[in-house]
Amino acid sequence: AKHEGRGRCCVFEPAMSAELHDRRLLEHELRGAIGRGELALAFQPQMDVASGAIVGFEALARWSHPIRGPVSPALFIPLAEESGAILEIGEWVLRHACLEAAGWASPLTIAVNVSAVQLHSTSFWDQVHRALFETGLPAARLELEVTETALIRDLPRALNTLRRLKALGVRIAMDDFGTGYSSLSNLRAFPFDKIKIDASFVKSVDGNPQAAAIVRSVLGLGRGLGLPVLAEGVETEAEMTFLRAENCAGAQGYLFGRPGPIESFASVTGLAGAP
Ligand code: C2E
Ligand code: CA
Ligand code: CA
Ligand code: CA
C-alpha cells in the first residue's frame, strides 16, 4: 500500500512541478534575453480618424526565444512583472522606443506601455527623464500608456509620479479603458491626455447595439472631459465607418496595420529601410 501511495503521488507531482518548472525556466531565460539580443520592438500605427493620417506608433515588446520562437507578451510580460525583470525590460523598451522615434524625420508620437511595477518603482521618473535627455526626443512626443489596474496599487503614489511626468511634458493615455474598475473617479483625478477604448468594446461595434452604446458613452465622456478618445482593435471598414460617424478622434488596429518592424513604415517615418 505504501508503494502504491508513492506511485500515485508520482503520477501527479512531476506533472505539476513540470509546469512550475517551465515557468521558472522561462522566467530565468527572460532575464538574459536583453543581453542576448532576443528582445525587439514592434510598431503599430495610430490613426487620426478625420484625416486618415498616421499620427504616431505604439511600441510593443517582442521576445524571440532561440528554441521556442516568438513568445507572446501576454505570457512574458506578466512573468516579468512577477520576477521583477519588468524593470529592466521596461527600461529597455522605453529607451529603444525613444531612440527610434528621435530619429524619425516626422514628429510622430511614440506610445510606450508602462506596467504597474514600473509605475510604482522609485526610479521610474528618472528612467523617463534620462531616456528623453539621452535620446533627445522632445517630451511631448512620448506618450505613456497606463492601465487603471496599474494605478490602483497605490493611487496617491501613482498620481504623484504621473503629475511629475506631466511636468516634463510627457503625455499620459489611459489604456484598456472600461476593463478596470472605478474608471470614472480615476479619469477625473488623474492627469490623462487620452482615453484608449479597449478592443473588446470596439469589436463588432457596427452591428452590436450594446457595444455601440458603450462606445458612444465613452466618446461622450471624452468630449465632456475634453479628452480625445482612441479606439483599439479596429479590424473592419464597418467599425471604422461607425467611429467616423461618432467623431472618434483616433483609431488603431489590424485594419491600418499589424505591429511590425519600423522599417515597414519607412514611408511614414521618413527613414529609408535597409538598402
Ligand atoms: P495592449 O497594450 O492593449 O496592446 C494592444 C494589443 O492588441 C497588442 O497585442 C496588439 O498587437 C493587439 N492588436 C492591435 N490591433 C489589433 C486588432 O485589430 N485586433 C486584435 N485582435 N489585436 C490587435 P500584443 O502585442 O500581443 O500585446 C499584448 C499586451 O502585452 C499589450 O496589450 C500590453 O498590455 C502588453 N505589452 C506589450 N508590450 C509591452 C511592453 O513593452 N511593456 C508592457 N508593460 N506591456 C506590454
Ligand atoms: Ca497599450
Ligand atoms: Ca490596450
Ligand atoms: Ca490590453
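Of A111, A97, A140, A131, all but one fail to be part of a helix (DSSP H, G or I), within 16 Å of ligand 2 (Cβ to nearest atom) and at pLDDT 95 or above; the exception is A97. The set of residues from segment 231-244 being open to solvent by 40 Å² or more (accessible area, probe 1.4 Å), away from ligand 4 (no atom under 16 Å from the Cβ) and within 14 Å of G207 (Cα to Cα) comprises T236, E237, A238, T241.
Candidates are the residues of segment 200-217 that are part of a loop (DSSP other than H, G, I, E, B) and more than 16 Å from ligand 4 (Cβ to nearest atom); the one that is least open to solvent (accessible area, probe 1.4 Å) is V205. Any chance segment 215-234 includes a residue that's on the phi < 0 side of the Ramachandran plot, within 13 Å of ligand 1 (Cβ to nearest atom) and out of contact with any strand residue (DSSP E or B) (no Cβ under 8 Å at 6 or more places or on another chain)? Looking through segment 215-234, none of the residues is on the phi < 0 side of the Ramachandran plot, within 13 Å of ligand 1 (Cβ to nearest atom) and out of contact with any strand residue (DSSP E or B) (no Cβ under 8 Å at 6 or more places or on another chain). Scanning segment 179-199 for residues that are open to solvent by 60 Å² or more (accessible area, probe 1.4 Å) and either modelled with pLDDT of 95 or more or not small (G, A, S) (or both), we see that the one that is farthest from ligand 4 (Cβ to nearest atom) is R188. Scanning segment 143-171 for residues that are within 16 Å of ligand 4 (Cβ to nearest atom) and either within 19 Å of V229 (Cβ to Cβ) or not in a helix (DSSP H, G or I) (or both) gives E143, L144, E145, V146, T147, E148, L151. Taking the criterion of being away from ligand 3 (no atom under 16 Å from the Cβ) and within 16 Å of T179 (Cα to Cα), would at least one residue in segment 196-203 satisfy it? The answer is no; no qualifying residue exists. Screening R141, R163, R157, R171 for residues that are in contact with a Ser or Thr (Cβ under 7 Å, 6 or more places away or on another chain) and among the charged types (D, E, K, R) leaves exactly one candidate, R141. Residues in segment 23-37 that are assigned to a helix (DSSP H, G or I) and closer than 15 Å to G69 by Cβ: L26, E29, L30. Against the definition (more than 14 Å from the chain's Cα centre (by Cα), under 21 Å from V112 (Cβ atoms), hydroxyl-bearing (S, T, Y) and at pLDDT below 95), how does S17 come out, yes or no? When the stated conditions are applied, S17 does not pass them. Just one of the listed residues (A42, A80) is without any contact (Cβ under 8 Å) to a residue 60 or more places away in the chain, open to solvent by less than 50 Å² (accessible area, probe 1.4 Å) and aliphatic (A, V, I, L, M), and it is A80. When segment 123-139 is filtered for residues that are under 11 Å from A102 (Cβ atoms) and touching a helix residue (DSSP H, G or I) at 6+ places or on another chain (Cβ under 6 Å), the ones remaining, listed by number, are A131, L132, T135, G136, L137.
The values are calculated or read from the model by the stated rules, or taken from the named source; none is laboratory data. Being a predicted model, the structure only gives us computed values, none of them experimental. Note that we place each Cβ from the backbone using ideal geometry, even for glycine, and neighbour counts take in every protein chain shown. Calculation scope for accessible area: heavy atoms of the full protein, side chains included, ligands and nucleic acids excluded. Shrake-Rupley method; radii C 1.70, N 1.55, O 1.52, S 1.80 Å.
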